[in-house]
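Structure record follows, encoded as structure tokens.
What follows draws every value from the coordinates through simple rules; no lab data is involved. Here the structure is a predicted model, which means the values were calculated and not measured. Note: ideal-geometry Cβ built from the backbone for every residue, glycine included; neighbour counts use all protein chains shown.
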Amino acid sequence: MLEMKNLSRAYYIKDKGQKVKFQALEKFTLSVSDGEFVVIVGPSGCGKSTLLDILSGLYKSDTGSFNIDGAAVTGPALDRGFVMQNYALFPWRTIKKNIEFGLELKKIPKDERSQISKNFINLVGLSGFENRYPYELSGGMKQRVAIARALAYNPSVLLMDEPFAAVDAQTREHMQDELTRIWQSTQKTIIFITHSIEEAVLLADRVVVMTEHPGTIKEIINIDLPRPRNSALVRNSAEYAGAVSEIWNLLHSADASLDSSAL
């Protein structure tokens, strides 16, 4: 269980030579159950990435608290995995060695590391690419490595910040199906940020809709589409279209920069 209570974060920026306070996030409160897939959408600049940085422990909130299973989070730790949109792989490491990085930090014995990395390489469909380097892979394959690396050291929570934004549309659809399959296999708790409404509806148990800055929760939409979900079938359903339309209506007046392809 994740408990976020009254999380707020402000920055100070320069405006016409003056130091001005910019409130990115304000009184954000949310509970996430074990194994739940929660997707967060909102206008650009509403604090989505700031929230994820707080959850990862990279930033501290100005107010409020964040607990995992009742324990206060005070900084980065291996109970959370983080997948970003730019892959963040080590170019000097092979795919196998990239995936084993967190296991090395946990001082897992070499033979055990090797078996775990093999299992996750198979899970993300990269068997045969163990000894390749990141520059030898496509964008979608790199993101699979990033997901495998984040899962390999067995975090309680997987944080994902627009992980498919940098890949082409066809690869993105394939990665959405792959992530759904991996999540169903591992049952990890996932908090996922996206600008695409249709991606949010396709993946989520719940979609958290945020307001413009200062970002807080505007509404939470339950997605009752049956699982397992096949993207081609889901996109043709009336329930899917209804959820996309509902979220679009919540956001449309707030920010025209949202991904209009979601319609």
Q.
What do you get for the angle between helix 139-152 and the principal long axis of the chain? Use alpha-carbon atoms, 0 to 90 degrees, nearest ten.
A. 80
**Q.** Over 28 Å between alpha carbons, listed pairs LYS21/LYS60; LYS97/LYS188; LYS60/LYS96
**A.** LYS60/LYS96
Q: Could you give the size of the charge dipole of the chain about its Cα centre, using +1 on the Cβ of each K and R and -1 on the Cβ of each D and E, expressed in debye and rounded to the nearest 20?
A: 920
Q. Using unit Cβ charges (K, R positive; D, E negative) and no other charged atoms, how large, in debye to the nearest 20, is the dipole of segment 16-140 about its Cα centre?
A. 500
Q | Farthest positive-ward along the chain dipole, Cα basis, beta-carbon charges - from THR94, PHE37, LEU25 | A | THR94
(Q) Taking the number of other C-beta atoms within 10 Å as the exposure measure, put THR216, THR194 in order starting with the fewest. (A) THR216, THR194
Q: Would you mind classifying segment 144-263 by shape? Square roots of the alpha carbon gyration tensor eigenvalues, ordered a ≥ b ≥ c; an a/c under 1.5 is rounded, otherwise it is prolate if a/b is larger than b/c and oblate if not.
A: prolate
Q.
With angles folded into 0 to 90 degrees, how steeply does helix 169-186 sit against the dominant principal axis of the chain? Use alpha carbons for both and round to 10.
A. 70
Q. Shape of segment 40-99 from its Cα gyration tensor (a ≥ b ≥ c, root eigenvalues): rounded if a/c is under 1.5, otherwise prolate when a/b > b/c, or oblate?
A. oblate
**Q.** Under the Karplus curve 6.51 cos²θ - 1.76 cosθ + 1.60, θ = phi - 60°, whole-Hz ³J(HN,Hα) for segment 70-83, x wherever Gly or Pro sits
**A.** x, 9, 5, 8, 10, x, x, 7, 7, 7, 10, x, 10, 10
**Q.** Cut-off of 10 Å, at most 10 other beta carbons, DSSP loop: longest stretch of the chain lacking such trypsin sites (Lys or Arg not before Pro)
**A.** 108-263
Q) How far is helix 238-252 tilted, in degrees, relative to the longest principal axis of the Cα atoms in the chain, given as a value from 0 to 90 rounded to the nearest 10? A) 50
Q) How much net charge surrounds PHE101 when only other residues with a Cβ under 12 Å from its Cβ are counted (Lys, Arg +1; Asp, Glu -1)? A) +4
Q: Report, in deg cm²/dmol and to the nearest 500, the calculated mean residue ellipticity at 222 nm for the chain, where each DSSP H run with n ≥ 4 adds -39500 (n - 2.57) and the sum is divided by the residue count.
A: -10000 deg cm²/dmol
